[in-house]
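The values are calculated or read from the model by the stated rules, or taken from the named source; none is laboratory data. Keep in mind that what you see is a predicted model, and the values were worked out from it rather than measured. A quick note on method: Cβ atoms are made from the backbone with ideal geometry, for glycine too, and the neighbour counts reach across all protein chains shown. Ligands, DNA and RNA are stripped out before the accessible areas are found, and what is left, the full protein with its side chains, is counted by its heavy atoms. Shrake-Rupley method; radii C 1.70, N 1.55, O 1.52, S 1.80 Å.
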Amino acid sequence: MSRNVWPAVAALSAVLASTALAQNPRPAPERAVRRDIPLTHAIRRAFAAGTRDSSGRPGRNYWQLRTDYTISASLDPGTSRITGHETVVIHNNSPDSLPNIVLRLDPNIFLGNVPRAAPWVPAENTDGMVISRMAVNGQAVNLTPLPPSGGRGERPPLTEPRVQGLNTTVAQVLLPTPIARRSDATLDVDWSFKLPGGNGSGHRMTMRWGDTLYQPTQWYPRVAVYDDLRGWDTELYLGPSEFYNNFGRFDVKLDVPGGWIVRGTGVLQNPEEVLTPAARERLSHVLESDEVRTIVGPDETGPGKATAPGDRLVWHFVADTVNDFAWATARQYVWQATRATIPGKGPVPIHMVFTPGRARLYANAGPVARHALEFYSRVWFPYAFPQLTLQDGPSAGMEYPMVINANQGAADHETGHQWWPMTVSNNETWYGWMDEGFNQYMNILSHADAQGQAPNLDRLGQAYGGYSGDEAEPPMMWDANYAGPQYGFQTYGKAPLMLSMLGGMVGDSVVRRAHAEWARAWMFKHPSPWDYMFFMSRALKQDLGWFWYYWLFTTESVDGSIQNVTTSGGRTSVLVRQDGQMPSPVVLKVEFAPTGPGIKAMPNAVMLDSLSAQVTYPVDVWFAGDRTFRAVLDFGGRTITRITLDPGGRFPDQDPSDNVWPRPAGAR
Ligand SMILES: [Zn+2]
């Protein structure tokens, strides 16, 4: 705080003091329920520019960058080093001219002197991403770091492109001539990096087993996202939070030793140069049935048997519109394949590459991945890519476009990521819940479907009451990169609980349909949380501002209870209380004695069966600020034997035992 602020603080204190002295005759409500969605500068800017709006669909002026990569890379198992050259065509579709290019250099997390957010990020230190040459539109970049400009941000005009931060995970190239709005620029980079091994506890960035198996991920210099919300994405790569990437075409040539099988994002362009005739023949039958076929068996090893002959082979992959490229290669991979039949699209291949000793981890992987692809295609939209590959290795639970580093254990979850973030591409570094949380929710649906059952989301929403109140919990809208020890709950755990409550209010299948519509509106685009909130409120035809506010911007819960029940003249009065800050509808299950006077209909009640009814009062009953609500049940003279508040367990509640009347023996 600078010194000249103090007079302002003094003046403010005087105002507050005089306000406190003025007698306010109207008492504050017991609870002030916030009903609108908080808007930050980022989304206000987007609304003002017309790139997004309160429809929750892409706005009339929506734009996004596109980055097309051409990469040639060579792997040397002797040094575990990849040496690459890449050309990135940056299509600046924004209305802004760009005086710099921000680069994501995730491998610099291995330098050992950059920030990391969790101890389980791999520990092997390397020399990071080594950049030996760069050029922008053919003009060489001076790789000597440009010193920071100092406090006033002024520096002499640049005469050549310069760099800053090449030894961090977020670098930038400063340009003497900005990239004009709605024009293209070409970035050339020569680079190399040592693939880190070590025991990374299965982390996505442990990329090799010794010198025999490699899983390069986040492995090439990437151009950061520049979007309408915040401009360049300059978030550091800290380890736990994943990424936020531009869409574009990848044309990738991977030079590896002969006999090493390569799989990766995209479609193999030159099977006749790298595969044996036998493997090509076996592949030609994969789409014919659900059978799992062996393409390269455990006894087919080395050049001429596992692959085409030759000391080195160049595998060429192309992916048309994806937001990343990952691959895997091993001296000995068993390669199997089967198919999934995508509704409205037809069969696509599922490939699996694994080391022979780990075949049991892949015994059921094909059917699991097939169910996931087919089920999620039905629930959201048809799988958008031409193939899916499961890759074995130290990274055993991570997703990239068309590629999952997973065996059968994580195959359903990682396949789910092909929907988000691979097709519906949110900023998962910041809003991990739109990626992992939505995925956890759909995994519950998939698991039930695989068992031939309807999904049961009861009790999930209620369970949040057990977490609420922990001051270490970051709200879901808090930048997940800085979520701390509760990163897992914030990004993975909480969204299914939120969607359980939403389903408790409008029906789970209604939530699913609205979510699918939202997802289709944002395919191959970058939705923000506000787009989701506004879209869902509209699709569900409810003003859900209060719901999004409490779930996404706070860590509050409902904490409902039945305080008291009295009966008089055939009417039963139920006193419901909410001790939390989050409101909810009041849902009561009423059970009746088997005999007695007829059960009268109530306008806001439905009979569940002949002896029980469910009564619902809208959330609006809380908006005036009371903490108690008196529900008057008028079912005629039939004796009510039991009343349960929130019978489905959909609303966050720390102590569900006080939701029942009469109280069970021993309860408070
Ligand atoms: Zn995940």
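Here are a few things to note about the model shown:
- Checking the stated criteria, Arg45 turns out to be surrounded by fewer than 19 Cβ atoms within 10 Å (Cβ to Cβ) and part of a helix (DSSP H, G or I).
- The set of residues from the stretch 381-401 being in a loop (DSSP other than H, G, I, E, B), within 16 Å of the ligand (Cβ to nearest atom) and out of contact with any Lys or Arg (no Cβ under 8 Å at 6 or more places or on another chain) comprises Ala396, Pro401.
- Checking each residue in the stretch 167-189 for being open to solvent by 40 Å² or more (accessible area, probe 1.4 Å) and part of a strand (DSSP E or B) picks out Gln172, Pro176, Thr177, Pro178, Asp184, Thr186.
- Some residue of the stretch 235-242 being touching a Ser or Thr at 6+ places or on another chain (Cβ under 9 Å), within 22 Å of Val163 (Cα to Cα) and of a type in the set (A, V, I, L, M, F, W, C): yes
- Flag if Gly507 is open to solvent by 10 Å² or more (accessible area, probe 1.4 Å), touching a Gly at 6+ places or on another chain (Cβ under 8 Å) and more than 26 Å from Arg230 (Cα to Cα): no
- In the stretch 517-524, the condition of being free of Cβ contacts under 8 Å to residues at least 40 places away in the same chain and in a helix (DSSP H, G or I) is met by at least one residue.
- Considering the stretch 439-462, and only residues there that are closer than 23 Å to Asp559 by Cβ and crowded, with 17+ Cβ neighbours inside 10 Å, the residue that is farthest from the ligand (Cβ to nearest atom) turns out to be Gln462.
- Checking each residue in the stretch 409-436 for being closer than 20 Å to Met498 by Cα and within 12 Å of the ligand (Cβ to nearest atom) picks out His413, Gly416, His417, Trp419, Trp420, Pro421, Glu428, Gly432, Trp433, Met434, Asp435, Glu436.
For every residue, the table says whether it meets (1) within 19 Å of the chain's Cα centre (by Cα); (2) assigned to a loop (DSSP other than H, G, I, E, B).
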| position | (1), (2) |
| --- | --- |
| Gln408 | no, yes |
| Pro421 | yes, yes |
| Tyr441 | yes, no |
| Ile444 | yes, no |
| Ala448 | no, no |
| Gly452 | no, yes |
| Leu457 | no, yes |
| Ala463 | no, no |
| Asp470 | no, yes |
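- Residue list for the stretch 600-641, filter: under 15 Å from Ser584 (Cα atoms), under 37 Å from the mean Cα position of the chain (by Cα) and not charged (D, E, K, R): Val615, Thr616, Tyr617, Pro618, Val619, Val621, Trp622, Phe623, Ala624, Gly625
- Selection over the stretch 547-570 of residues that are surrounded by fewer than 20 Cβ atoms within 10 Å (Cβ to Cβ) and aromatic (Phe, Trp, Tyr) gives a count of 1.
- Here is the figure for the stretch 48-71: residues that are touching a strand residue (DSSP E or B) at 6+ places or on another chain (Cβ under 6 Å) and either open to solvent by 60 Å² or more (accessible area, probe 1.4 Å) or free of Cβ contacts under 8 Å to residues at least 60 places away in the same chain (or both) total 3.
- Among the residues of the stretch 571-584, those that are part of a loop (DSSP other than H, G, I, E, B) and open to solvent by 20 Å² or more (accessible area, probe 1.4 Å) comprise Asp579, Gln581.
Condition check ((1) of a type in the set (Ser, Thr, Tyr); (2) more than 22 Å from Gln218 (Cα to Cα); (3) in a loop (DSSP other than H, G, I, E, B); (4) at pLDDT below 95) across all residues:
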{"residue": "Gly239", "(1), (2), (3), (4)": "no, no, yes, yes"}
{"residue": "Phe243", "(1), (2), (3), (4)": "no, no, yes, yes"}
{"residue": "Lys253", "(1), (2), (3), (4)": "no, no, no, no"}
{"residue": "Ala279", "(1), (2), (3), (4)": "no, yes, no, no"}
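Here's the yes/no breakdown for (1) open to solvent by 50 Å² or more (accessible area, probe 1.4 Å); (2) at pLDDT 95 or above; (3) farther than 19 Å from Asp299 by Cβ; (4) touching a strand residue (DSSP E or B) at 6+ places or on another chain (Cβ under 6 Å):
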residue: Thr338; (1), (2), (3), (4): no, yes, yes, yes
residue: Phe354; (1), (2), (3), (4): no, yes, no, yes
residue: Leu361; (1), (2), (3), (4): no, yes, yes, no
residue: Ala365; (1), (2), (3), (4): no, yes, yes, yes
residue: Ala369; (1), (2), (3), (4): no, yes, yes, yes
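- Cross-chain or 6+ apart pairs with Cβ under 8 Å, the stretch 531-546 first and crowded, with 21+ Cβ neighbours inside 10 Å, then of a type in the set (Ser, Thr, Tyr): Phe534/Ser54; Phe534/Ser55; Phe535/Ser55; Leu544/Ser537
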